[in-house]
Amino acid sequence: MKRIASLTLSIAAMPGLAAGPAVDLQVLGTYTTGIFDEGAAEIVAYDASTVQAFVVNANDQSVDVLDLSNPASPTLAATVDISAISTGLGAANSIAVSNGLLAVAVEADPKQANGIVAVYDTATLTLQRTFPAGALPDALTFTPDGKKILVANEGEPSDDYSNDPEGSITVIDITRGLVKARVTQVTFGSFNKQKQDLLNKGVRIYGPNATVAQDLEPEFIAVRPNGAEALVTLQENNAFAKLDLVTNKVTDIIPLGYKDHSLSANKLDPSDRDGGIRIANWPVFGMYQPDGIAAYQVGKDTFYVTANEGDTRDYAAFGEESRVRDLGNAGLALDPNVFTDPAITGNTQLGRLTITTTLGDANGDNLLEQIYVPGGRSFSIWDKRGRKVYDSGSMLEDITASLLPANFNASNNTNSRDNRSDNKGPEPEGVVVGAIDGRAYAFIGLERIGGIMTFDVTDPTAPEFEDYINNRNFSADPCTERDSEGDCRTGAGYTNLAALDNGPEGLAFVPAANSPNSKPLLIVGNETSGSTTIYQINVTP
C-alpha cells in the first residue's frame, strides 16, 4: 500500500479556548486519468515554487505532474517516467517534496529485493541522484528542515513465504547536498532476541518462522517538528517504532493495545447482511493498526494523529482472516463458555464479521475466548511517548450513517449499502494535519465510502468535528463495465467519470501562504477512480 509523506507543523498552545471557527471544504477542480482501480492517482505532494502537484501513477510506473496555477482547472503538465531509471524496478510507491527536490520511493521487481529512492529537481524534472533503500520502500518523508529523507521499507514476504525480507527504515542525510549524502539503513535486528518480551507487551509478531526484524513492516513515518525523532507505524504489528534521528537507531517498539467495542463509545456495525445500519456494541476487540500518521505540536508538546485502517496478512502460504461463521475451516470455534448464545454466529450478528485467527485463544485449546478484528474504524491521537490520548470511537460510522444513510459503508467500487460493515467499515487510511489561523485541523480520508472528514484537533484530548465532504456521485456506478461476476473491469477507460471520486488514498495540505489562490487547499489522490481533486478550505468566523 502506498502512502503520502507526512506533514509536521507547530501551533501555539491555547488551553481553554471555546470552539474555533467553522471550517468546510469546497471542491475546486479535478484531474482524472480515466484509469479504474489500478493506482493511477495514489500519493500526492505539492511544490510551491513551481505551483505543481505531483501524483504517483502506479499504473504507468510514473509520477504525473499537475499544473495548479488555476486550482479550479488542474492540467497535466508533464510525466516523470520512473521506468527510465534502470531495469529491475517496479512501481513508484510514494513521493515527498522539499526545497525544490522531489523524492520518489521505487520498489524492485521482485519487491522482496532492495528498492531505491530517486531524487528529481522539481523545476526541471531531471534525475539528480538515486539512493539504495530496503525491500519494498513505501512511505517516505522529508524532515521539517528538509535535510533528511526517511523511507519506510515494508519488507513484505513472497506469496509462498519462502522469501521474507526484513523491514527497515532508510535515512538519507542530504545536509551537505545530494553528492555528499550519507545513507543509513536502520534495521530491527537488535530486537530479535527480545521477541518474547515484545509478544508479552502486546506487539504482534506472527509470520511463519519470522524473526522480529522479518515480521515488523514499517508503513508510514511522521517526524516531530524539532526533527529529533520520528514515530513509524507498524501496521500489521499494531505497534509504533520510535526512531532517534540523532543516532539513526530504533529505540523502542510500542504496542498500541486493543479497542473494546463493548464500551458505549466504541460501537460498530459488524454485518453486511443485517438489513441496513445497525451500529451497536458487540463483544469484539479492534486492533488499531494505523496506516497514515501525522505529527503536530501544541505548545511544547508533540502529538500524532493516526488513521486506523487495519490490515491483515493474506498469502498463499499463510492467511489470518476468517469470518466468524467459518472458523471451523481454520480448526477454531468460539468458546461456548464465553459466547453462550449460539445465535451470535448468525449472519445478522457476528457471523459475517472478518476477524484474525491469530489472536483470542489464550490457552491454546482452539476455542476463542475473545474476538479481534483488523482496524479501529476511527482516528486516534497519541502523545510523544505513544500513549493514546483520544480515539474517535464510533464517530466515523455515526457521521456517515447520518449523512449518507442510503450508502452507509459502501465500498469504493460499488454503491451497495452495508457492503463493508463486515470488514473495517469506512476504512480511514490517510491523514494530514494543517494549521489555519493558529488552529490545527486533521483531514482524514475514508478509503471505502469515500470523502474527507475534518476535525479541529487544537485540543488533542477533545477534537471537534468540523466537516465531511464526499465528492462521489452515488447515483452512478463507479466503473463503466462489470464482468459476469459483477466485478468492475479495471484499467484505462473503465472509470465512470460521472461517478467522480472513489477511494481517497493520499492527502496533501497546502497552507494559504503557499497556495496559488491564497486560500488553504487540500489535494487528494483517489486510487480507485484515478482522479486527483483540489479542495479549498473555507474558514468562517
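Would you compute, from DSSP H runs of 4+ residues alone, the mean residue ellipticity of the chain at 222 nm, taking -39500 (n - 2.57) per run and dividing by the full residue count, rounded to the nearest 500? Each step should come with its number before you reach the end.
Numbers: 3 runs with 20 residues, N = 541.
My calculation for the chain gives -1000 deg cm²/dmol from helical runs alone.
Please tell me the relative contact order of the chain in percent, rounded to the nearest whole number, where contacts are Cα pairs under 8 Å and at least six residues apart. Working shown, then result.
Working: 1624 pairs, mean separation 92.6, N = 541.
17 percent.
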Sequence ranges 372-381, 180-189, ranked by mean other-Cβ count within 10 angstrom, highest first: 372-381, 180-189
Kirkwood Rh in Å, taken over the chain so that all alpha-carbon pairs contribute: 23.3 Å
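Can you give me the relative contact order of segment 79-190 as a percent, contacts being Cα pairs under 8 Å and 6 or more apart? Intermediate values should be presented prior to the final figure.
Details: 286 pairs, mean separation 20.6, N = 112.
Relative contact order of segment 79-190: 18 percent.
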Global geometry of segment 110-152, whether rounded, prolate or oblate, following the gyration tensor of its Cα atoms and the 1.5 cut on a/c: oblate
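Please get the size of the charge dipole for the chain, origin at its Cα centre, with Cβ charges of +1 on Lys and Arg and -1 on Asp and Glu, quoted in debye to the nearest 20.
Numbers: 39 positive and 69 negative charges, 309 e Å.
Dipole about the Cα centre, nearest 20: 1480 debye.
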Protection proxy ranking of 524-534, 327-337, 493-503 - average other beta-carbon atoms within 10 Å, highest first: 524-534, 493-503, 327-337
Projected area averaged over orientations for segment 346-441, convex hull of C-alpha atoms, nm²: 9.5 nm²
Inter-centroid distance (Cα atoms) of segment 168-189 relative to segment 517-531, Å: 30 Å
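Going down the table (LYS384/LYS424; LYS180/LYS201; LYS201/LYS249), which pairs top 31 Å between alpha carbons? Before the final figure, lay out each step's value.
Working: LYS384/LYS424 27 Å; LYS180/LYS201 41 Å; LYS201/LYS249 21 Å.
Violating the 31 Å limit, Cα to Cα: LYS180/LYS201.
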Largest-first principal axis extents of the Cα set of segment 407-541 (Å): 54, 34, 20
Per-residue ³J(HN,Hα) for segment 223-234, Karplus 6.51 cos²θ - 1.76 cosθ + 1.60, θ = phi - 60°, Hz, x for Gly and Pro: 9, 4, x, 7, x, 8, 8, 9, 10, 10, 7, 10
Aspartates and glutamates with Cα under 16 Å of LYS300, excluding same-chain neighbours fewer than 8 positions away: GLU229, ASP383, ASP459
Translational diffusion of segment 217-322, µm² s⁻¹ [Kirkwood Rh, Cα pairs; Stokes-Einstein; 25 °C; 0.890 mPa s]: 154 µm²/s
Relative intensity, log₁₀ I(q)/I(0), of segment 111-191 from a Debye sum that treats every alpha carbon as a point, q = 0.21, 0.26 Å⁻¹: -0.95, -1.25
Residue among SER378, SER402, ASN415 farthest towards the positive dipole end of segment 362-429, charges placed on Cβ: SER378
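Using only the Cα atoms of segment 71-121, what semi-axes does the equivalent ellipsoid have when each is the square root of 5 times a gyration tensor eigenvalue? Give whole Å, largest first. Spell out each step's value before the answer.
On the way: eigenvalues 114, 33, 20 Å².
Largest first, segment 71-121 gives 24, 13, 10 Å.
Here, each number is a calculation from the coordinates, and none is a lab measurement. Owing to the predicted nature of the structure, the values given are computational and were not obtained by experimental measurement. Note: ideal-geometry Cβ built from the backbone for every residue, glycine included; neighbour counts use all protein chains shown.
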